[in-house]
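Report on the structure given below.
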Amino acid sequence: MDFVLSGAAACGACLFTNPLEVVKTRMQLQGELQSRGTYRVHYRNVFHAFYTIGKVDGLAGLQKGLAAGLLYQFCMNGVRLGSYAVIDSSGYIHTNGRVNALKTTLAGAAAGVAGAVMGSPIYLVKTHLQSQSTSSIAVGHQYKHQGMTQALAAIYRQHGILGLWRGSSAAVPRVCVGSSAQLSTFSSSKELVIDLQIFPKGSWLVALSAGMISSVVVVLAMTPFDVVSTRLYNQPVDPLGKGQLYKGFADCFSKTLRKEGLTGLYKGLGASYFRLGPHTILSLFFWDELRKMHQQFR
């Protein structure tokens, strides 16, 4: 039940944040491996990107990859948050009744690795679908998939089962870092808010406040890994499934840093916060509330 509740909470958040994920993906791919000022800027900022995508691709363009996004959230966060909930229930993350920062970080990282491996094929397809656009505002490689099922089948036919896990070398560190930062700060912040007695114990505002604190830490820690992950998943491949732009995580990280500077690794930071911030807050809030409801009715 922990896994089902976790997946449901993440899907609830995804319904609200998927348009932000589309914007974030496009901004991270814009000007890929090109120096500032040498490429056409289709998306000047988060709000301009929203307007441009809505105008050119229509409102449906802002919800591209929604089915893949929902399935990814259910699989990845179902495993990630579900695993963490089991670890939490076992009492591992507490020492003498208090949250232990090191243990929560390790538990969050381990849960993140499990979730990343499970959800990687769906994340691959989601990235392809969300980057697809009308040629006038297209950025990154365009795969021209017809939908999630067709994309999964096409990748499997061309590159086999291992092809579905292409890009996972970036997904694992991305989710590992993000998960450890998110869950350790959420657990610690929740305990801090309770200690300060700002809200009544058991109030939904406790989880909401802790989620807001956690969201800032997650975005700052995760964005460089997120940029690398998006680019690895979306890069064109040869007939053998080998990437034509990057050899792997380290190669993508170093090329981006060398060509675009540190700002290249933080491309779409505003979009990342507008997406990851609300998603972190909502998913952790829904997750905490659903767990409390489940415990009450057991």
task: Would you mind telling me which numbered condition in (1) touching a helix residue (DSSP H, G or I) at 6+ places or on another chain (Cβ under 8 Å); (2) open to solvent by less than 40 Å² (accessible area, probe 1.4 Å); (3) over 17 Å from Phe74 (Cβ atoms); (4) touching a residue at least 24 places away in the same chain (Cβ under 8 Å) Gly160 fails?
output: (1)
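What do you reckon, is Arg36 surrounded by fewer than 20 Cβ atoms within 10 Å (Cβ to Cβ), at pLDDT below 90 and closer than 26 Å to Ala138 by Cβ?
Working: surrounded by fewer than 20 Cβ atoms within 10 Å (Cβ to Cβ): yes; at pLDDT below 90: yes; closer than 26 Å to Ala138 by Cβ: yes.
Judged against the criteria, Arg36 is a match.
Can you pull out the residues in region 63-77 that are open to solvent by less than 20 Å² (accessible area, probe 1.4 Å) and either more than 12 Å from the chain's Cα centre (by Cα) or more than 18 Å from Gly119 (Cβ to Cβ) (or both)? It would help to see each step written out before you state the result.
If we filter region 63-77 for residues that are open to solvent by less than 20 Å² (accessible area, probe 1.4 Å), which is where we start, we get 65, 68-69, 72-73, 76-77.
Result: Gly65, Ala68.
Take the conditions part of a helix (DSSP H, G or I), free of Cβ contacts under 8 Å to residues at least 24 places away in the same chain and closer than 23 Å to Gly97 by Cα and apply them to Gln296. Does it pass? Working first, answer last.
Values: part of a helix (DSSP H, G or I): yes; free of Cβ contacts under 8 Å to residues at least 24 places away in the same chain: yes; closer than 23 Å to Gly97 by Cα: yes.
For Gln296, the condition - part of a helix (DSSP H, G or I), free of Cβ contacts under 8 Å to residues at least 24 places away in the same chain and closer than 23 Å to Gly97 by Cα - is met.
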query: Which residues, counting only those in region 32-77, are free of Cβ contacts under 8 Å to residues at least 12 places away in the same chain and either touching a Leu at 6+ places or on another chain (Cβ under 8 Å) or under 29 Å from Ala109 (Cα atoms) (or both)?
result: Gly54
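When you scan region 49-57, do you find a residue that is under 14 Å from the mean Cα position of the chain (by Cα), closer than 30 Å to Tyr156 by Cβ and open to solvent by less than 50 Å² (accessible area, probe 1.4 Å), even just one? Give the steps one after another, and end with the answer.
The initial filter retains those residues of region 49-57 that are under 14 Å from the mean Cα position of the chain (by Cα), namely none.
Checked against the condition, which is being under 14 Å from the mean Cα position of the chain (by Cα), closer than 30 Å to Tyr156 by Cβ and open to solvent by less than 50 Å² (accessible area, probe 1.4 Å), region 49-57 yields no hits at all.
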- line: Here the residues within region 103-118 that are farther than 16 Å from Cys75 by Cα and surrounded by fewer than 19 Cβ atoms within 10 Å (Cβ to Cβ) are Lys103, Leu106
statement: Restricted to region 220-239 and to residues being free of Cβ contacts under 8 Å to residues at least 60 places away in the same chain and out of contact with any Cys (no Cβ under 8 Å at 6 or more places or on another chain), the residue farthest from Arg166 (Cα to Cα) is Leu220
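Take Val22 and tell me if it is among the aliphatic types (A, V, I, L, M), open to solvent by less than 20 Å² (accessible area, probe 1.4 Å) and either more than 21 Å from Gly211 (Cβ to Cβ) or touching a residue at least 40 places away in the same chain (Cβ under 8 Å) (or both).
Numbers: among the aliphatic types (A, V, I, L, M): yes; open to solvent by less than 20 Å² (accessible area, probe 1.4 Å): yes; either more than 21 Å from Gly211 (Cβ to Cβ) or touching a residue at least 40 places away in the same chain (Cβ under 8 Å) (or both): yes.
Here the answer is yes, as Val22 does meet what is asked.
Condition test on His42, is it outside any helix (DSSP H, G or I), of a type outside the set (Ser, Thr, Tyr) and modelled with pLDDT of 90 or more?
Values: outside any helix (DSSP H, G or I): yes; of a type outside the set (Ser, Thr, Tyr): yes; modelled with pLDDT of 90 or more: yes.
Considered against the rule, which asks whether it is outside any helix (DSSP H, G or I), of a type outside the set (Ser, Thr, Tyr) and modelled with pLDDT of 90 or more, His42 comes out as yes.
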statement: Note on region 119-141: residues surrounded by fewer than 24 Cβ atoms within 10 Å (Cβ to Cβ) and more than 14 Å from Gly65 (Cβ to Cβ) are Thr134, Ser135, Ser136, Ile137, Ala138, Val139, His141
query: How many residues, within region 182-230, are hydrophobic (A, V, I, L, M, F, W, C), over 25 Å from Tyr266 (Cβ atoms) and open to solvent by 20 Å² or more (accessible area, probe 1.4 Å)?
result: 8
task: Would you mention how many residues in region 78-102 are touching a residue at least 60 places away in the same chain (Cβ under 8 Å), open to solvent by less than 60 Å² (accessible area, probe 1.4 Å) and not in a helix (DSSP H, G or I)?
output: 2
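The values are calculated or read from the model by the stated rules, or taken from the named source; none is laboratory data. Owing to the predicted nature of the structure, the values given are computational and were not obtained by experimental measurement. Cβ: placed from backbone, ideal geometry, glycine included. Neighbour counts: every protein chain shown. What goes into the accessible areas is simple: the full protein's heavy atoms, side chains included, and nothing from ligands, DNA or RNA. Shrake-Rupley method; radii C 1.70, N 1.55, O 1.52, S 1.80 Å.
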